1. So which of Ser233, Ser245 is assigned to a loop (DSSP other than H, G, I, E, B), under 30 Å from Thr165 (Cα atoms) and without any contact (Cβ under 8 Å) to a residue 60 or more places away in the chain?
2. Test of understanding: among His224, His217, which residue is in the same structural domain as Gly151 (by TED's automatic domain parsing) and assigned to a helix (DSSP H, G or I)?
3. Pick from region 185-217 the residues that are among the charged types (D, E, K, R) and over 27 Å from Arg164 (Cβ atoms): which of them is surrounded by the most Cβ atoms within 10 Å (Cβ to Cβ)?
4. What is the number of the single condition among (1) touching a His at 6+ places or on another chain (Cβ under 8 Å); (2) aliphatic (A, V, I, L, M); (3) at pLDDT below 90 that Val186 does not meet?
5. Cβ contacts < 7 Å: first residue exposed (fewer than 13 other Cβ atoms within 10 Å of the Cβ), restricted to region 142-161; second residue among the polar types (S, T, N, Q) and at pLDDT below 90, any location; separation 6+ or different chain. Result?
6. Looking at (1) modelled with pLDDT of 85 or more; (2) over 15 Å from Tyr147 (Cα atoms), find the lone condition where Gly256 falls short.
7. Among the residues of region 61-87, what is the count of those that are modelled with pLDDT under 80 and among the aromatic types (Phe, Trp, Tyr)?
8. Restricting to region 1-60, count the residues that are at pLDDT 50 or above and within 26 Å of Ala91 (Cα to Cα).
Amino acid sequence: MRDIKGDSSVRSVPARETSRPGTQVLTPEEKLSGDMLMLTTGFMMCAAALWLAVYWSMGYQYSTAIPLVFQGLSVLTIGLWWKFKRLYGFAVLQLGLILFTPFAMQWSIGNFVNASGVSLWGLMAPVGAVTVLGTPIDVSRITTDTYVVGGLTDHITPWQTCYRTTQMVSGHTQFVLCSSGHIQTVVADPTHRGLGYFVNPEIPPSADDWLKAAERHEGSWWEHWVRWLAERSGEQRAAPQALGSTRFALREPAPGTYIYS
């Protein structure tokens, strides 16, 4: 404890935690996040060794290069974490290793069947990411209505994957499937000819079952979205004549200076 003298009183406050030069003073939450990531790292290092042992016992002599490189780099990042206590750098480096290594190993093996153990690792790896970088997100706690859109020929975000959102949130969900690909799904100009979209008021667990019972409509899904929003909006009112208010003053023209930082 140390004393801080004011104008007329003396009060005691806890002394700030000291640290070595070059290190950061961590809050209890940051320290817990670092410890959790270090625990996850240790678990993944053991998983890499166990993966090799299991496959070698089955007669598959896979290369040890990738697991050993992963373990070596993990030891290095842990050492840097212990020395400098820089959570962000430790999290970015280590989570990158944890998330990338399973796919590198699967690629080196050559097929999914033989790489099933690595695939399991890949499924477990994001647990560390969710635990460490920020507040855990539970989308099942979303109880408001949601409008989810997918593209039938989208090769970047397959529509079946987008559909899974409907099974995760708790509120009423409207899923709409556009007949086009990744870009045209979003930029669905109503004046564009040939666009269409599928609508089904029911949300079955299977995306394929949803599509079988869906009805196709011609045109842009934007128009359907406008109607969906109108049903959940209040009465229309005149737009303000000027931007900002007494509580929220206008600061600068769009898009703002934050884009340069």
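The values are calculated or read from the model by the stated rules, or taken from the named source; none is laboratory data. Just so you know, these numbers come straight off a predicted model, no measurement behind them. Neighbour counts run over all protein chains shown; Cβ positions are idealised from the backbone, glycine included.
1. After ruling out the rest, the residue left standing is Ser233.
2. After applying the criteria, what remains is His224.
3. Within region 185-217, the first condition is being among the charged types (D, E, K, R), and the residues that meet it are 189, 193, 202, 208-209, 212, 215-216.
So of that shortlist, the ones also over 27 Å from Arg164 (Cβ atoms) come out as 189, 193.
Values: Asp189: 10, Arg193: 7.
The selected residue is Asp189.
4. Single failed check for Val186: (1).
5. Thr143/Ser170
6. (1)
7. Number of matching residues: 1.
8. 34
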